[in-house]
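First the structure, in the form of structure tokens, and then the observations on it.
The values are calculated or read from the model by the stated rules, or taken from the named source; none is laboratory data. All values reported here derive from a predicted model rather than from experimental measurement. Virtual Cβ from ideal backbone geometry, glycine too; neighbours counted across all protein chains shown. Side chains included, ligands, DNA and RNA excluded: accessible areas come from the protein's heavy atoms. Shrake-Rupley method; radii C 1.70, N 1.55, O 1.52, S 1.80 Å.
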Amino acid sequence: MVVISWISLIASLAEASVLILVVNTALSLTDASSDAVDLSLPWVGRHRFSPTALLVIAAMATLVSLAGHVAVASLSARLSAAVLRRSRTRAAAAYAGALWHRQAAEKEGGVQVTVATLCQQSAQLALQYASMVSALTALVVLLIAAAFVDGAVTAIVIVFGLGLFLGLRPITSASRRRSRRFVLSNNHFSEQVSAWASMAMDLRVFGTERSELRRIDQLNLDNAQDFRKSKYSIHVGTTLYKDVALMFLVAAVAALHLRGSTDIAAIGAVVLLVVRSLSYATQVQASVQTISEIAPSLDSMLERIESLEAASEASGRRMIETIGSISVLDASYDYPGNRVGVAGLDFDLDPGDALGVIGPSGSGKSTLVQMLLGLRRPTSGAIEVSEIPYQDIDPRCWARLVSLVPQEPFLFEATITENIQFMRDWITVDQVRRAAEDAHVLDDIEALPDGFSTQLGPRGSGLSGGQKQRVAIARALAGDPQLLVLDEPTSALDVRSEELLKQTISGLKGSVTLVIIAHRLSTLEVCDRVLVLDAGSPQLIGPLEEALVAAKFSGGSGALLDIAE
């Protein structure tokens, strides 16, 4: 910004010189009796020039002014682009570095709004600040030049200009308040539209598209009203400034007339300098209005980023090569509002163990899984890996040793190979193929026209539900994990695929520590022990037969009764 100020200063000095030189040259050309002009420039003093010399100097000054303005435009664009990149990098890093509970609490589409929209607004804000600094520098230089020509008239312009600026402060403040209201409204609208798109299939199945569309349309109406009020305030402020600025020009000429000035060159120079300075003053006012409009976006962005950064925690640095025993020591996890996730969990997992987890919806199964994967830290108690507290282990190291097969796998627009690798460059093509074979999806992939190079569409379109699930299993197996968590892995599988999955799990038993959340008895048969959860509390950890009895007679176990019968 300092460099922009200095370049703007040089360009403005050249521009003011051009205006004064043009007026004096034009007057000298009308006086046939004069072959030279006595000229006093504010920054070089009084000298005598020929009209030709004046034109040459004016041309050179014009080139300097042009070069300066081009340089300012280039620097402003570079500054804005740098702000955009840095703000997006900071926002993305803040989200990636936040603890899982904070990431999970982020609203649908909230990250998109912050990284894409609000960060872009911050770049626009930087551009407006650069424009304001450049215009303000030019305004000051031109007024100083006008003061050298005629100080009294310039003083009148400055006094009226300050009065106008102060008089428009209430309008500027109102614009800022309305702009902030619009930013908050627009962020909420964007998040709701994102959520609407994510449940499009459910809305169509339940025939509630019109109801949801009416809700979105009402949000759209409210947002449009906030937009109208914001833009009205900004437009009124800018237009009012331009109209009153014209009055200043009239006032300046009137002042010259009342003083009885007969110096035509001075009159012409003052009028040109005042007209040009009013143009820059209008630009400054427009930048102030735009900054008032955009500033709330910056405030919102910083609030979101700082909230994410506050939820980060220093990562452990302990490197481990293997996962030995996992000890869950009287561990509990409470959500905000004192809502219990799990409470009093106490058990050990030895290498190669297979633990099943059953319980009704809301019993704490997902919370337990997230704790075992290190996504959530116990609010009381502890989890240790070979007697090492989890928080002491390097998270990147831990990520290479564990894996997850979620209930609803996410496949993105890429090849099948890229979906199985899942941005893990260290996984080779041979590992991808072996994982696909272990997940019993190799034959399905090779039957596709492009095999592993087949490009999938949004949400993995191009594959059946069972194929998607088995590709997700291949993804989990590709990294040769030592702890594998399967969350309802058979929920999207047909009978054949489920049988193939059972073969996969049986082949892994003993070599990989398994934690399986399931409602199907056939999936749990491979487990050494089964943990029964109810309302976040463990009811039993024991063999499958005992777990089914506990599930059947545990109050409120709901869906587990179907397993036990």
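Observations, loosely collected:
- Filter result (open to solvent by 40 Å² or more (accessible area, probe 1.4 Å) and touching a helix residue (DSSP H, G or I) at 6+ places or on another chain (Cβ under 6 Å)) within the stretch 309-341: 309, 312, 315, 318, 319
- Screening the candidates 404, 368, 375 for the property of being of a type in the set (A, V, I, L, M, F, W, C), in a strand (DSSP E or B) and either in contact with a helix residue (DSSP H, G or I) (Cβ under 7 Å, 6 or more places away or on another chain) or surrounded by 14 or more Cβ atoms within 10 Å (Cβ to Cβ) (or both) yields one hit, 404.
- Subset of the stretch 87-102 [more than 11 Å from the chain's Cα centre (by Cα) and without any contact (Cβ under 8 Å) to a residue 24 or more places away in the chain]: 96
- Odd one out for residue 518 among (1) surrounded by fewer than 20 Cβ atoms within 10 Å (Cβ to Cβ); (2) modelled with pLDDT under 85: (1)
- Among the residues making up the stretch 13-36, those that are at pLDDT 65 or above and either polar (S, T, N, Q) or more than 18 Å from residue 59 (Cβ to Cβ) (or both) are 17, 24, 25.
- Applying the criterion of being of a type in the set (Ser, Thr, Tyr) and farther than 18 Å from residue 128 by Cα to the residues of the stretch 51-106, the residue that is surrounded by the fewest Cβ atoms within 10 Å (Cβ to Cβ) is 52.
- Odd one out for residue 391, checked against (1) of a type outside the set (Phe, Trp, Tyr); (2) crowded, with 19+ Cβ neighbours inside 10 Å; (3) more than 27 Å from the chain's Cα centre (by Cα): (2)
- Residues of the stretch 521-533 classified as open to solvent by 20 Å² or more (accessible area, probe 1.4 Å) and either modelled with pLDDT of 85 or more or within 41 Å of the chain's Cα centre (by Cα) (or both), total: 2
- Some residue of the stretch 393-400 being in a loop (DSSP other than H, G, I, E, B), at pLDDT below 90, in contact with a strand residue (DSSP E or B) (Cβ under 8 Å, 6 or more places away or on another chain) and among the charged types (D, E, K, R): yes
- Checking residue 10 against (1) at pLDDT below 70; (2) within 15 Å of residue 142 (Cα to Cα); (3) open to solvent by 60 Å² or more (accessible area, probe 1.4 Å), the condition it does not meet: (1)
- Among residues of the stretch 348-365, those that are open to solvent by 20 Å² or more (accessible area, probe 1.4 Å) and assigned to a loop (DSSP other than H, G, I, E, B), counted: 5
- Residue that is nearest to residue 465 (Cα to Cα) [pool: residues in the stretch 411-425 that are surrounded by fewer than 15 Cβ atoms within 10 Å (Cβ to Cβ) and without any contact (Cβ under 8 Å) to a residue 12 or more places away in the chain]: 423
- Condition met for residue 179 (in contact with a Pro (Cβ under 8 Å, 6 or more places away or on another chain) and at pLDDT 65 or above): yes
- Identity of the residue in the stretch 280-305, within 17 Å of residue 103 (Cα to Cα) and in contact (Cβ under 8 Å) with a residue 60 or more places away in the chain, that ends up most open to solvent (accessible area, probe 1.4 Å): 304
- Here residue 443 meets the list (1) assigned to a helix (DSSP H, G or I); (2) surrounded by 18 or more Cβ atoms within 10 Å (Cβ to Cβ); (3) not small (Gly, Ala, Ser) almost entirely, failing just condition (2).
- Count of residues meeting criterion [surrounded by 22 or more Cβ atoms within 10 Å (Cβ to Cβ) and in contact (Cβ under 8 Å) with a residue 60 or more places away in the chain] in the stretch 485-503: 4
- Among the residues here, residue 399 qualifies as of a type in the set (Gly, Ala, Ser), open to solvent by 50 Å² or more (accessible area, probe 1.4 Å) and within 27 Å of residue 324 (Cα to Cα).
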